[in-house]
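A.B. asks: One structure coming up, written as structure tokens, with questions to follow.
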2 protein chains.
Amino acid sequence: MTHRTIPPQSGTAFTLKAGQRLTVIDPEGQQVSDLVAFNAEDTDEWLSSGRTLDYASKFLLSTGDILYSNRSSPMLTIERDDVGRHDFLLAPCSKEMFAKLYGHTEPHRGCFGNLAAALEPYGIAPDRIPTAFNVFMNVQVNGTNGQLSVEPPLSKAGDSTVFLAQMDLVVALTACSAGQSNNFRFKPIQYRVE
Amino acid sequence: MTHRTIPPQSGTAFTLKAGQRLTVIDPEGQQVSDLVAFNAEDTDEWLSSGRTLDYASKFLLSTGDILYSNRSSPMLTIERDDVGRHDFLLAPCSKEMFAKLYGHTEPHRGCFGNLAAALEPYGIAPDRIPTAFNVFMNVQVNGTNGQLSVEPPLSKAGDSTVFLAQMDLVVALTACSAGQSNNFRFKPIQYRVE
């Protein structure tokens, strides 16, 4: 399959069969893609930050690490990773977040709105959207005072991360809408399923 | 109201009205209590680690900090805190977690099983349980290499944390079942609603 492109500030969803590989590509560099996943056979099973961090005993995930569901089942394995810095702490940017954190008066629907719209055809309600695995997102963590700061991604043009599906999944993916996450230039994301 | 006691390795659930205060007490010291909350009027709205960390821009929460729902509404404010160290990163301990991380052959149902049982009468299914706010849990975070390590709680006998409800809530609370979280002695938790 050739690349598909997610235009700036939008999102998409698709099925990924067990054994298929999803490659998420940053075509221009310094862009973030929020990824959520659900068991395609039973969408009450969802990608869980809390379970994944617990099993990994770390918050920085890269090649060889497994992303787990709320039921402790492996959903995705990171098979290859050009970047090595992703975030699994912060919720997707949203209308409410743009208003609260940045004072936007006509806030964009953000990754959250884009994920919700993309998941609607699969019967997955907005309230079911968990903390996303934020591909390429660079959140620096101060272990001493607890501060979290969103910095420009470390991804360069053409960098990618490859995920191997461990079960049949519904995956939703965005090109992030938060200026702070992408160094204040909205860019596309590309992906490939094979 | 006098204290209620949650026996070691068990859990409970109750309603907390907007404006009521929940005091979580560690009667013997070095014990953890997993806390989850849902909007009592619409239990599809749940306490969200990802939203809370995003709005706080930090992962260590204490006096004055607000715990948010998945819909970006304030659920609980931390009004007073003797301890100042809690965790909001790791999922509740569970049967699967005890088997996977510690190799237990007859694993306890853990905080997850206790939360699920306590929430069942409120019509909240186990798959709806999010990452808990782990009161008194001491997870040390290495911001450089990403390592997370579970250390004995900093709470001493009689220490407490007070939460003020910002909406009508269903709250579930445990006395944690994970040895690593409570320095390997299972203890009760006490709480008070007023």
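The values are calculated or read from the model by the stated rules, or taken from the named source; none is laboratory data. Just so you know, these numbers come straight off a predicted model, no measurement behind them. Heads up, the Cβs are rebuilt from the backbone with ideal geometry, glycines too, and the neighbour counts pull from every protein chain shown. Quick note on the areas: whole protein, heavy atoms, side chains included, nothing else; ligands and nucleic acids left out. Shrake-Rupley method; radii C 1.70, N 1.55, O 1.52, S 1.80 Å.
A.B. asks: Using amide H atoms built in the peptide plane, which far-off residues or other-chain residues are under 5 Å from residue B:48 H to H?
C.D. replies: B:68, B:69, B:70
A.B. asks: Select from region A:151-194 those chymotrypsin sites (Phe, Trp or Tyr not before Pro) which occupy a DSSP coil region and have at most 14 other Cβ atoms within 10 Å, ordered by residue number.
C.D. replies: Filter output for region A:151-194: A:184.
A.B. asks: All other residues with a Cβ under 13 Å from the Cβ of residue B:157 taken together, and with Lys, Arg as +1 and Asp, Glu as -1, what is their net charge?
C.D. replies: Working: positive: B:156, B:185, B:187; negative: B:26, B:28, B:82, B:159.
Spelling it out: positives minus negatives among the neighbours equals -1.
A.B. asks: May I ask you to rank A:12, A:5 by accessible area, largest first, using a 1.4 Å probe over the protein chains only?
C.D. replies: A:5, A:12
A.B. asks: While we're looking at this one, here's another question. Among B:166, B:140, B:30, which one shows the biggest mean-square fluctuation in a GNM of chain B, springs joining Cα atoms closer than 10 Å?
C.D. replies: Judging by the Gaussian network model, the answer is B:140.
A.B. asks: Which trypsin sites (Lys or Arg not before Pro) in region A:1-109 sit in a loop by DSSP (not H, G, I, E or B) and have at most 15 other Cβ atoms within 10 Å of their own Cβ?
C.D. replies: Those that pass, being in a loop and sparsely packed, are A:17.
A.B. asks: Now, a different point. Give me the percent of the accessible area of region A:153-194 that comes from carbon and sulfur atoms, probe 1.4 Å, all protein chains in place.
C.D. replies: 52
A.B. asks: How big is D, in µm² s⁻¹, for region B:4-193 by Stokes-Einstein at 10 °C and 1.306 mPa s if Rh is the Kirkwood radius over C-alpha pairs?
C.D. replies: The calculation lands on 98 µm²/s.
A.B. asks: Which lysines does residue B:17 reach when only Cα atoms under 26 Å apart count, and residues fewer than 8 places away in its own chain are ignored?
C.D. replies: Partners found: A:100.
A.B. asks: Let me know the mean shielding of A:146-153 by other chains, meaning the per-residue number of their Cβ atoms within 10 Å of its Cβ.
C.D. replies: 4
A.B. asks: How about region A:112-194: which trypsin sites (Lys or Arg not before Pro) there are in a DSSP loop, with at most 16 other Cβ atoms within 10 Å of their Cβ?
C.D. replies: Answer by residue number: A:185.
A.B. asks: In whole Å, largest first, what are the principal axis extents of the Cα atoms in the protein assembly as shown?
C.D. replies: Taking max minus min along each principal axis of the Cα atoms, the protein assembly as shown gives 64, 51, 39 Å.
A.B. asks: Further question: Using each residue's phi in region A:23-34, evaluate 6.51 cos²θ - 1.76 cosθ + 1.60 at θ = phi - 60° and report the 3J(HN,Hα) Karplus result to the nearest Hz, with x for Gly and Pro.
C.D. replies: 9, 9, 10, 9, x, 10, x, 6, 10, 10, 10, 7
A.B. asks: First select every other residue whose beta carbon is under 14 angstrom from the beta carbon of residue B:98; then total the charges, Lys and Arg +1, Asp and Glu -1. Kindly include the intermediate steps, with their values, before the conclusion.
C.D. replies: Values: positive: A:51, B:95, B:100, B:109; negative: A:54, B:96, B:106.
That works out to +1.
A.B. asks: Can you tell me the relative contact order of chain B? Whole percent, Cα pairs under 8 Å, sequence separation 6 or more.
C.D. replies: 45
A.B. asks: Ordering A:26, A:44 by how much accessible area each has at a 1.4 Å probe, largest first, what is the list?
C.D. replies: Sorted by accessible area, descending: A:44, A:26.
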